[in-house]
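Peer 1: Here it is, the structure in full.
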Amino acid sequence: MNELIVRIAARGDGVTPSGRHVPFGVPGDAVLDDGALAFGPHHQEPPCRHFPECGGCQLQHADDQAYRGYLVSRVETALAQHDLSTEIREPYLSPPNSRRRATLKALQVGQKVLIGFNAEASHRIVDMRECHILRRELFALVQPLRELLSGMLHAKRIADIQLTLIDSGVDVQIKGVPAGRLAEIEQLTAFAMDHDLARLSVDRGLGPEALYEPQPASVTLSGARVAFPPGGFLQATADGEAELISCVQETVAGAAKIADLFAGLGTFALATGATYAAEASRDAAAALKRTAPKLNVAHRDLYRRPLDAKELHAFDAVILDPPRAGAAEQVAALARSAVPRIAYVSCNPATFARDAKTLADSDYAIEWVQPVGQFRWSTHVEVAACFSRGG
């Protein structure tokens, strides 16, 4: 008997009511008796020639409705594992060709240099000849970088190329290139000048060293110019950042004293008028302090030294934006605090749900969750959520 695909699993397979996983199935597709997949109304033609080989995307075959459903399902499932539920808002999707940061792999193979994302579940590099997720400014550098790095890479050793679009152009950081000879340094510098890069840095194993930076690299966050450290973090898309900011602003509206924890360069602190910001990266904390000297910025590792309940008592609202590991230690302290409202931004539904359970068990209500699809067509899901003290 034919079975319909009813949802998309976490890793991108379609799932039938019986629990059967079907590669590349989307809701509305039918699994025929012979195992073939009959496409339904939400199965689209993938736009990129590299799909599904390239690991940059897993869901190009799903239309926007199916992809939004996937994002909602990921959040619902993660919360349900902890016996939690709440309003899940309509997911926000960043458009194609909007990613402003990416790390690509490079490898010399004979006379050729391969540059691209790894193949799905592999260390093999898919040589990128088109891309429907990267900003065009980033993709335009792929072929010139092939030419630049030909003969410069270590044999059989993969290099990382980090591309980030900032205020004055593309910031390029290359890790794993020797580039110790004068001729190579001159070649790299000339490349940066010819392509109007904002900065070109090389990491030979001791940290990034800027070879070219005609003016201090910076990003504009909520109208404020912030120095951008080599390897610094930005939200993946500008529009996705704006959506997350809007969610955080909604949550902390009316709060007079706001703490931004895991603050980075100040994406949310600067947008909300926060009074305190804590960040583990020394460079990021210093950059934020220079931009906002009146803001109390602490260089603080919140995993080792979270704010305790007494410190948290000073704030009307707290913003959390931790790495993928979540914020278990800081959330445990928040659960013992009296902070009225918490805005939680997460890039991992599983650790978000774990932390949400800790807060829910301590009389916090999850008012809503907003999924954000910044990583178009991927299984990477971001959320913004609003927590408040229960009455």
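The values are calculated or read from the model by the stated rules, or taken from the named source; none is laboratory data. Model, not experiment: these values are computed from the prediction. With ideal geometry, Cβ positions are generated from the backbone for all residues, glycine too; neighbour counts draw on all protein chains shown. Just so you know, the surface numbers come from the protein's heavy atoms only, side chains and all, with ligands and any DNA or RNA stripped out. Shrake-Rupley method; radii C 1.70, N 1.55, O 1.52, S 1.80 Å.
Peer 1: Ranked from the most accessible area to the least, with a 1.4 Å probe and all protein chains present, what is the order of Asp308, Asp321, Asp194, Asp283?
Peer 2: The ordering from most to least exposed comes out as Asp194, Asp283, Asp308, Asp321.
Peer 1: Which one, Val113, Val226, Val381, has the greatest fluctuation when you compute a Gaussian network model over the chain with C-alpha springs under 10 angstrom?
Peer 2: Largest GNM mean-square fluctuation: Val113.
Peer 1: Mean separation of Cα pairs under 8 Å and 6+ residues apart, divided by the residue count of region 331-391: what relative contact order is that in percent?
Peer 2: It rounds to 44 percent for region 331-391.
Peer 1: Something else about it: Write down the accessible area per residue of the chain in Å², having rolled a 1.4 Å probe over the full set of protein chains.
Peer 2: 44 Å²
Peer 1: In whole angstrom, and with the biggest value first, how far do the Cα coordinates of region 124-227 range along each principal axis?
Peer 2: 45, 33, 25
Peer 1: Can you put Ile88, Ile319 in order of accessible area, largest first, using a 1.4 Å probe?
Peer 2: The most accessible residue leads, giving Ile88, Ile319.
Peer 1: Net charge within 15 Å of Pro178 by Cβ-Cβ distance, Lys/Arg positive one each and Asp/Glu negative one each, not counting Pro178 itself?
Peer 2: Here the charged neighbours net out to 0.
Peer 1: Give the relative contact order (percent, whole number) for region 1-66; include only Cα pairs under 8 Å separated by 6+ residues.
Peer 2: 25 percent
Peer 1: Further, regarding this structure: Accessible surface of His21 in the full protein assembly, 1.4 angstrom probe, to the nearest 10 Å²?
Peer 2: Here the accessible area works out near 100 Å².
Peer 1: If you don't mind, there's one more thing I want to ask. What number does the chain give for Rg over Rh if you use C-alpha atoms and the Kirkwood radius?
Peer 2: 1.00
Peer 1: Using a 1.4 angstrom probe and counting only protein chains, how large is the accessible area of Ile166 in Å², to 10?
Peer 2: Solvent-accessible area, nearest 10 Å²: 10 Å².
Peer 1: Something else: Based on alpha-carbon centroids, what's the gap between region 1-48 and region 281-345 in Å, whole number please?
Peer 2: A separation of 42 Å, based on Cα centres.
Peer 1: With a 1.4 Å probe and all protein chains kept in place, how do Glu130, Glu87 rank by accessible area, largest first?
Peer 2: Listed by decreasing accessible area, they come as Glu87, Glu130.
Peer 1: Another question about this same structure. Considering Cα pairs under 8 angstrom that are at least six residues apart, work out the relative contact order of the chain and quote it in whole percent.
Peer 2: 14 percent
Peer 1: Could I ask something else about it? Write down the radius of gyration of region 31-111 and its Dmax, each obtained from C-alpha positions, in Å.
Peer 2: 17.4, 56
Peer 1: Carbon and sulfur atoms: what percent of the 1.4 Å accessible area of the chain do they account for?
Peer 2: 51 percent
Peer 1: What is the sum of charges around Lys294, taking Lys and Arg as +1, Asp and Glu as -1, for the other residues whose C-beta is under 15 Å from the C-beta of Lys294?
Peer 2: Summing Lys/Arg as +1 and Asp/Glu as -1 gives +2.
Peer 1: Can I ask one more? Among rounded, prolate and oblate, which fits region 99-160 when a ≥ b ≥ c are the square roots of the eigenvalues of its C-alpha gyration tensor, a/c under 1.5 means rounded, and a/b larger than b/c means prolate?
Peer 2: Note, shape of region 99-160 comes out oblate.
Peer 1: Enumerate the amide H contacts of Leu93 below 5 Å, restricted to partners 5 or more residues apart or on another chain; note that Pro and chain-start residues carry no placed amide H.
Peer 2: Long-range HN contacts for Leu93: Gly373.
Peer 1: If the cut-off is 12 Å between C-alpha atoms, which aspartates and glutamates fall inside it for Lys289, apart from same-chain ones fewer than 8 positions away?
Peer 2: Within the straight-line limit of under 12 Å, Lys289 reaches these aspartates and glutamates: Glu279.
Peer 1: Can I ask one more? Per residue, what volume in Å³ does the Cα convex hull of region 246-391 take up?
Peer 2: 103 Å³
Peer 1: Would you mind checking Lys294/Lys357; Lys257/Lys357; Lys310/Lys357 for any pair whose Cα atoms are more than 28 angstrom apart?
Peer 2: Too far apart for the 28 Å limit: Lys294/Lys357.
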